[in-house]
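Student: Following this message is one structure expressed as structure tokens.
The values are calculated or read from the model by the stated rules, or taken from the named source; none is laboratory data. Everything quoted here is computed from the prediction, not taken from an experiment. Here the Cβ is made from the backbone with ideal geometry for all residues, glycine too, and neighbour counts use every protein chain on show.
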Amino acid sequence: MARFEKRVVIVTGAGSGIGDDDNAKRFASEGASVVLNGRDPGKLDRIASELDAGRTLVHAGDVSVQSDAEALMAAAVGRFRRLDVTVNNAGVAPTGPFLEALVEDWRKVMAVDVDGVFFCTRAALPHLLTAKGSIVNVSSVSGLGGDWNMSFYNAAKGAVTNLTRSLALELGDKGVRVNAFNPSLTFTDLTQDMRDDDGLMAKFADRIPMGRGAEPEEIADVITFLASHGARFVTYVNLPVDGGLSASNGQLRQA
């Protein structure tokens, strides 16, 4: 398929987690020019080395800093002359009891997970309005409901979830679609420690109807669909990508 031929896609947080190889490679394999953003130039360069150099731009930076987000968008348009899709993926996920978690962690998760989406969206929108493009926000099932000992992350992803709805209302008649997807456990480098814990994986398997977490390529399927022409009448959606986890009302599995 070449769903993104002549399209320009920015992926933030591209050096690790959900934004890693699979998403950048998927967009590139379908014809897109891809802009890779993250805080670790080495990781970005590794991904870029496997892509077409003529259609790839590495732009390291911290999206929680307004000037970095603005520089990212300027670099993308400066190189490729347009911008069609922004995937707001950069995020952190501190954990811990509310009264014991550090104020610094609260500020960090709000800066990266919320301010990063805000700054990138504000900087991208003039170009997306011209291209009639789309925004895909990476939220979480933690933005649709609460978790134990993840109140900071829940608050941040809840903000992303509702910002997605609000922007979809505001931008729909201007030709820009705004969607989010809400994954549960995904098998990335960021969850490797969890995957090494057999007991924890058994608990996830019991709670997720499909019996496992998501593979990165399954996440890439959803992101590229939401960004594609095939989803041209889809906006505002916060799509759970959770193997059926959110179908449950929370009660225990019955025999």
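Student: Restricting attention to the stretch 68-82, which residues are under 17 Å from A14 (Cα atoms) and surrounded by 19 or more Cβ atoms within 10 Å (Cβ to Cβ)?
Tutor: Residues satisfying the conditions are D68, A69, L72, M73, A76.
Student: Could you check how many residues of the stretch 145-163 are in a loop (DSSP other than H, G, I, E, B) and either buried (at least 19 other Cβ atoms within 10 Å of the Cβ) or free of Cβ contacts under 8 Å to residues at least 60 places away in the same chain (or both)?
Tutor: 5
Student: Restricting attention to the stretch 211-241, and to residues there that are at pLDDT 95 or above and part of a loop (DSSP other than H, G, I, E, B), which single residue is surrounded by the most Cβ atoms within 10 Å (Cβ to Cβ)?
Tutor: That would be T235.
Student: With the stretch 7-125 as the region, which helices (runs of 4 or more DSSP H) entirely inside it contain at least 3 residues that are more than 19 Å from the chain's Cα centre (by Cα)?
Tutor: So the answer is 41-48, 66-80, 103-109.
Student: Which one of L245, L226 is in contact (Cβ under 8 Å) with a residue 40 or more places away in the chain, under 30 Å from S64 (Cβ atoms) and in contact with a helix residue (DSSP H, G or I) (Cβ under 7 Å, 6 or more places away or on another chain)?
Tutor: It is L245.
Student: Follow-up question, since we're still on this one. (1) closer than 22 Å to K43 by Cβ; (2) surrounded by 15 or more Cβ atoms within 10 Å (Cβ to Cβ); (3) of a type in the set (A, V, I, L, M): which one isn't true of V141, the others all being true?
Tutor: The one condition V141 does not meet is (1).
Student: Pull up the stretch 83-111, narrow it to residues that are among the β-branched types (V, I, T) and at pLDDT below 95, then point me to the one that is surrounded by the most Cβ atoms within 10 Å (Cβ to Cβ).
Tutor: V92
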